[in-house]
Amino acid sequence: MTTEAAPALATELITTGTAEGRRRRPRRATLKSAVKHILLIGVSLLMLYPLIWLVVSSLKPNDEIFRDLSIFTTDLTLENYISGWNDLQAPFGLYLANSMVISVGAIIGNLISCSLAAYAFARLRFRGRNLWFAVMLLGIMLPFQVVLIPQFVIFQQLGWLNTFLPLIVPKFLATDAFFIFLMVQFIRALPTEIFEAAKIDGAGHLRMFGQITLPLMIPALATTAIFTFIWTWGDFFGPLIYLREPGMFPAQVALKGFIDAQEASNFGAMFAMSVASLLPLFIVFLVGQRFLLRGFATTGIK
């Protein structure tokens, strides 16, 4: 090999090696991405398996539900949905309507009271503000069982038992400290120049709250509404404590009517109505998912 040919050969080898390396990198990235997606799909299916089993079981005949636990079956029927809708003392639609009334009332209460309390903590200057804010945060760590008996006694003396009032009225008193904290963090992140300009224009706190703060904190309000709906709709203990008449039960409490310790339980109908009661949760979560992401991203909560 001549001296002149050596640099050319070296350059060719380097170029070839670089080209092969570039071809290998996309292949490795593609393989890595494929493995990651396969693992994620597998984990997702594993997590969704109980829900899939619930849906499939709601379509099986009642005597086949626990005889064959597989999710693959051809013996499907809608009889469970028909019987489940009509087998209780009232049509199941009444219990879904009760759940909707309680959930909507709780949402309205939290949006009004928590937003007002959050604005006060974030923008007003008053004596003991930091102390009361710390007390409010301690309420997040306080188990609800601690105040259950005093609350029950108060509602009993007010004559509110067997009504929706114990489940809705406390929401209008800013009792959910988590949502107050969420909104306080959001309001504090807003530019102070906006409020200073409003003060120069002669706006008071009520006007700044209604015309400036509320439109800007829509993501936080949407997050509060979604979580309030999910938690209230799925609440079983509260309605079980305060409601007595079956016609007042929400869907989650009414579901226990399909299980009878003395006679045969209608698990097929219970599974069918469980699927029906889960549909509003899925709809609300899918519709409001983008608001949840925006709400947490703008409040600094990770």
Please go through segment 51-82 and give me each residue that is surrounded by 13 or more Cβ atoms within 10 Å (Cβ to Cβ), outside any loop (DSSP other than H, G, I, E, B) and of a type outside the set (A, V, I, L, M), ordered by number. Trp53, Ser57, Ser58, Asn62, Glu64, Glu79, Asn80, Tyr81
Within segment 153-211, tally of residues that are over 29 Å from Gly238 (Cα atoms) and outside any helix (DSSP H, G or I): 7
If you go through Asn98, Asn86, Asn110, the only one that is in contact with a helix residue (DSSP H, G or I) (Cβ under 9 Å, 6 or more places away or on another chain) and exposed (fewer than 13 other Cβ atoms within 10 Å of the Cβ) is Asn86
When the residues of segment 260-295 are filtered to those that are at pLDDT below 80 and among the hydrophobic types (A, V, I, L, M, F, W, C), which remaining residue is surrounded by the fewest Cβ atoms within 10 Å (Cβ to Cβ)? Ala261
Which one is farthest from the chain's Cα centre (by Cα), of the residues in segment 83-103 that are without any contact (Cβ under 8 Å) to a residue 12 or more places away in the chain and in a helix (DSSP H, G or I)? Asn86
Those residues that are without any contact (Cβ under 8 Å) to a residue 12 or more places away in the chain and either in contact with a helix residue (DSSP H, G or I) (Cβ under 8 Å, 6 or more places away or on another chain) or in a helix (DSSP H, G or I) (or both), I need them from segment 139-152; list them, please. Met141, Phe144, Gln145, Val146, Ile149, Pro150
Scan Leu243, Leu206, Leu221 and give me the residue that is modelled with pLDDT of 90 or more, over 23 Å from the mean Cα position of the chain (by Cα) and not hydroxyl-bearing (Ser, Thr, Tyr). Leu243
Any residue at all in segment 25-33 that is in a helix (DSSP H, G or I), within 30 Å of Phe282 (Cα to Cα) and either modelled with pLDDT under 90 or under 30 Å from the mean Cα position of the chain (by Cα) (or both)? yes
Within segment 177-219, considering residues that are β-branched (Val, Ile, Thr) and within 24 Å of Met136 (Cβ to Cβ), the one surrounded by the fewest Cβ atoms within 10 Å (Cβ to Cβ): Thr192
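The values are calculated or read from the model by the stated rules, or taken from the named source; none is laboratory data. The structure presented is a predicted model; accordingly, all values stated were derived computationally and were not measured. Neighbour counts run over all protein chains shown; Cβ positions are idealised from the backbone, glycine included.
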